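Colleague: Take this structure, written in structure tokens, and hold onto it; I'll ask about it next.
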Amino acid sequence: MNPHRFILQPYKGPASRYQCPQCQHRSKTFTRYINLETDTHLADNVGRCDREEKCGYHFTPRQYFAQNNFNGSIQSAKAYRPMPVKKMFSHLPVSLVNESMRQSAYAHNHFICFLAQLFGWEAALQAAERYNIGSSKHWHGATVFWQVDVNGLVRTGKVMLYNPNTGKRVKQPFNHIAWVHSLMRNVNKNLEMEHPKSEFHLKQCFFGEHLLGGDTSAMVGITESEKTAVMASIMMPGFIWLAAGSLHGLDEDKCRVLKNRRVMLFPDVGAHSYWTQCARFLNLKIPSATFTVHDEMERTATDEERENGADMGDRWVGERGV
């Protein structure tokens with residue numbers, strides 16, 4: 001077989017670049033290999049990330065064929081039609097989640113203290129257990145929102161610091177947000193050996209996804225922030241509450257876990273139009289699921305709420321005079 005049959009796709013504008021399957025950088029930094037004879041991509045994960053120092057992902061056609069037991073003959077090459085490749089992802093030990101959920105640490109966890117201020121300690125601790133909320137020593141009072149998928153695998157943990165009195169995220173003198181899989185490379189040599197930097201394949205899932213293992217008839221509610229999803233589970237317990245984690249956290253691959261379910265999206269003020277577009281797209285791509293968008297916040301938002309991009313959680317806090 002001609003070893004030069006597959007080349008990295010030449011740049012032909014933004015449409016010829018993709019999101020890297022490893023670092024998933026918001027910019028399209030991934031170049032796929034194409035088949036010169038057919039002008040088609042080999043597979044979604046076969047290519048190279050342009051972020052060579054910070055990511056370094058490069059999966060070649062040779063590696064792909066070896067992984068899929070391709071024999072390399074000319075006859076096979078002509079007949080070969082690659083099957084869709086399920087993107088591999090790494091996961092963290094469940095023991096990390098368990099260690100972070102020590103009851104004694106919750107008294108110093110700023111987010112849990114804020115929940116207790118709003119709803120009482122019993123409700124706050126029940127929510128912490130329901131969502132596997134942990135505490136982190138990375139910053140004093142920091143919270144870990146673990147992403148545990150429907151199969152119980154720990155994809156990663158999102159570490160954030162909150163003001164215990166207002167429930168607002170601490171963004172000064174810098175935005176206090178970090179990721180467990182990145183932090184562990186620096187502090188845990190065993191984990192670093194198990195998942196070297198170039199081999200940890202992050203694939204995020206919904207925060208709260210582990211709760212989907214039960215009754216499929218229950219309505220699913222999705223917010224942008226983890227904080228609001230946890231608060232909503234107390235305020236509106238009739239839903240299974242998940243968090244997308246960001247405005248752009250409703251991609252098709254992540255949402256496939258919602259098949260055969262009724263889903264209502266609860267966007268922040270100002271994001272209603274974008275999430276409505278997402279809902280239309282997802283209804284087409286995942287026809288067994290039904291996606292609708294809640295519009296009360298958008299319809300009734302005050303000027304201040306519009307300026308701040310508020311969500312349901314912010315309104316609940318305001319109603320309680322915090």
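The values are calculated or read from the model by the stated rules, or taken from the named source; none is laboratory data. Computed from a predicted structure; not experimentally measured. Cβ atoms come from the backbone with ideal geometry, glycine included; neighbour counts cover every protein chain shown.
Colleague: For Thr40, work out the one condition from (1) touching a Lys or Arg at 6+ places or on another chain (Cβ under 8 Å); (2) at pLDDT below 90; (3) over 29 Å from Trp146 (Cα atoms) it doesn't fulfil.
Modeller: Of the numbered conditions (1) touching a Lys or Arg at 6+ places or on another chain (Cβ under 8 Å); (2) at pLDDT below 90; (3) over 29 Å from Trp146 (Cα atoms), the odd one out for Thr40 is (1).
Colleague: While we're looking at this one, here's another question. Give Pro173, Pro164 a once-over and let me know the one that is farther than 21 Å from Gly249 by Cα and either touching a helix residue (DSSP H, G or I) at 6+ places or on another chain (Cβ under 6 Å) or not in a loop (DSSP other than H, G, I, E, B) (or both).
Modeller: Just one listed residue meets the conditions, Pro164.
Colleague: Something else about it: Only residues that are of a type outside the set (A, V, I, L, M, F, W, C), over 23 Å from the mean Cα position of the chain (by Cα) and surrounded by fewer than 18 Cβ atoms within 10 Å (Cβ to Cβ): list them for segment 20-48, please.
Modeller: Asn35, Glu37, Thr38, Asp39, Thr40, His41, listed by residue number.
Colleague: Something else about it: Looking at segment 137-162, which of its residues are among the polar types (S, T, N, Q) and loosely packed, with under 14 Cβ neighbours inside 10 Å?
Modeller: Asn151
Colleague: Just to verify a result, which residue in segment 45-98, among those that are β-branched (Val, Ile, Thr) and at pLDDT 50 or above, is farthest from Thr143 (Cα to Cα)?
Modeller: Residue satisfying both the conditions and the ranking: Thr60.
Colleague: Oh, and also: Output the number of the condition that Glu122 fails; it satisfies all remaining conditions of (1) surrounded by fewer than 18 Cβ atoms within 10 Å (Cβ to Cβ); (2) of a type outside the set (A, V, I, L, M); (3) touching a Leu at 6+ places or on another chain (Cβ under 6 Å).
Modeller: Checking Glu122 against (1) surrounded by fewer than 18 Cβ atoms within 10 Å (Cβ to Cβ); (2) of a type outside the set (A, V, I, L, M); (3) touching a Leu at 6+ places or on another chain (Cβ under 6 Å), the one that fails is (3).
Colleague: Restricting to segment 211-224, what's the tally of residues that are crowded, with 22+ Cβ neighbours inside 10 Å and of a type outside the set (A, V, I, L, M, F, W, C)?
Modeller: Residues flagged as crowded, with 22+ Cβ neighbours inside 10 Å and of a type outside the set (A, V, I, L, M, F, W, C) within segment 211-224 amount to 3.
Colleague: Further question on the same structure: Need the failing condition index for Met264 against (1) closer than 19 Å to Glu226 by Cβ; (2) part of a helix (DSSP H, G or I); (3) touching a strand residue (DSSP E or B) at 6+ places or on another chain (Cβ under 8 Å); (4) not basic (Lys, Arg), just the number.
Modeller: It fails just one condition, (2).
Colleague: What tally of residues in segment 289-322 results from selecting those that are assigned to a helix (DSSP H, G or I) and among the hydrophobic types (A, V, I, L, M, F, W, C)?
Modeller: The total comes to 4.
Colleague: Looking at His181, His195, can you tell me which residue is over 24 Å from Glu129 (Cβ atoms) and either at pLDDT below 95 or loosely packed, with under 15 Cβ neighbours inside 10 Å (or both)?
Modeller: That would be His195, the only listed residue that is over 24 Å from Glu129 (Cβ atoms) and either at pLDDT below 95 or loosely packed, with under 15 Cβ neighbours inside 10 Å (or both).
Colleague: Right, next: Please work out if Leu212 is closer than 30 Å to Val269 by Cβ, in contact with a helix residue (DSSP H, G or I) (Cβ under 7 Å, 6 or more places away or on another chain) and at pLDDT 90 or above.
Modeller: Criteria met by Leu212.
Colleague: Taking the criterion of being in a helix (DSSP H, G or I) and touching a Cys at 6+ places or on another chain (Cβ under 7 Å), would at least one residue in segment 238-254 satisfy it?
Modeller: Checked segment 238-254: at least one residue is in a helix (DSSP H, G or I) and touching a Cys at 6+ places or on another chain (Cβ under 7 Å).
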